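Q: Pasting a structure here, questions to come.
The values are calculated or read from the model by the stated rules, or taken from the named source; none is laboratory data. Bear in mind the structure is a predicted one, so any value in this text is a computation, not a measurement. Here the Cβ is made from the backbone with ideal geometry for all residues, glycine too, and neighbour counts use every protein chain on show.
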Amino acid sequence: MSGSSSSTQPPLRPYRCSDLPALLALYANAVRSQCAACYSPQQVHAWSNYAQQQQAVAAAIGRGTTLVSPVAQGDGRLAAFGVLDPIDRLALLYCDGPWSRQGRASALLAALSAHAQSQGVVQLRTEASQLSRPLLLRHGWQLEAEETVLFAGVSFVRWRMIKSLPS
């Protein structure tokens, strides 16, 4: 699976086990670099440290369908990643701040949706943050419900969302 929404971006590629440390760092950097405007300092701290303290993020990356967006062709650095875990759930979608708003998350969404559809999935689901909700809405996702959850010991509002895939 590969794809890109822009000719200036390198193609997406499947996750490799050697990517895990970079993806865990990217997760934390993405939260720190983009969430201060939407979340309290306590929420940003709890969320950004979650991947290093809990194995759930690493487990989802490893067992799910994970695609990465390299910074540049042949560059070992990673700018963004997305994970389906299980195949009908967008579990993770993160883009580091310096590479955000370049179409990387959109490219990841399109590629992951196409992969899920090729596996017979007719509807995707996710739990969206304040940051990802507008992006998902632009890509045809629908709000199902708002919920408040305890995450990493801190209360967060998030949105359950769904997207129908063509059959």
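Q: Filter the stretch 78-102 for residues that are of a type in the set (Gly, Ala, Ser) and either under 17 Å from TRP141 (Cβ atoms) or in contact with a strand residue (DSSP E or B) (Cβ under 7 Å, 6 or more places away or on another chain) (or both) and give the result. Step through it out loud before you land on a result.
A: To start, the set of residues in the stretch 78-102 that are of a type in the set (Gly, Ala, Ser) comprises 79-80, 82, 91, 97, 100.
ALA79, ALA80, GLY82, ALA91, listed by residue number.
Q: Filter the stretch 117-126 for residues that are buried (at least 18 other Cβ atoms within 10 Å of the Cβ) and of a type outside the set (S, T, N, Q) and give the result.
A: VAL121, LEU124
Q: Moving on to the next point. Look at the stretch 33-73 and say how many of its residues are crowded, with 16+ Cβ neighbours inside 10 Å and basic (Lys, Arg).
A: Qualifying residue count, the stretch 33-73: 0.
Q: Evaluate the stretch 154-167: report whether one residue or more is of a type in the set (Lys, Arg) and surrounded by 17 or more Cβ atoms within 10 Å (Cβ to Cβ).
A: yes
Q: So if I check each of ALA114, ALA107, which one is of a type in the set (A, V, I, L, M) and either buried (at least 18 other Cβ atoms within 10 Å of the Cβ) or touching an Asp or Glu at 6+ places or on another chain (Cβ under 6 Å) (or both)?
A: ALA107
Q: Checking LEU143 against (1) modelled with pLDDT under 95; (2) more than 14 Å from LEU93 (Cβ to Cβ), which single condition isn't satisfied?
A: (1)
Q: Another question about this same structure. Quick test of your reading of the structure: GLN42 fulfils all but one of (1) more than 27 Å from VAL157 (Cβ to Cβ); (2) modelled with pLDDT of 95 or more. Name the failing condition by number.
A: (1)
Q: Would you check if LEU137 is in contact with a Gly (Cβ under 8 Å, 6 or more places away or on another chain) and of a type outside the set (Lys, Arg)?
A: no
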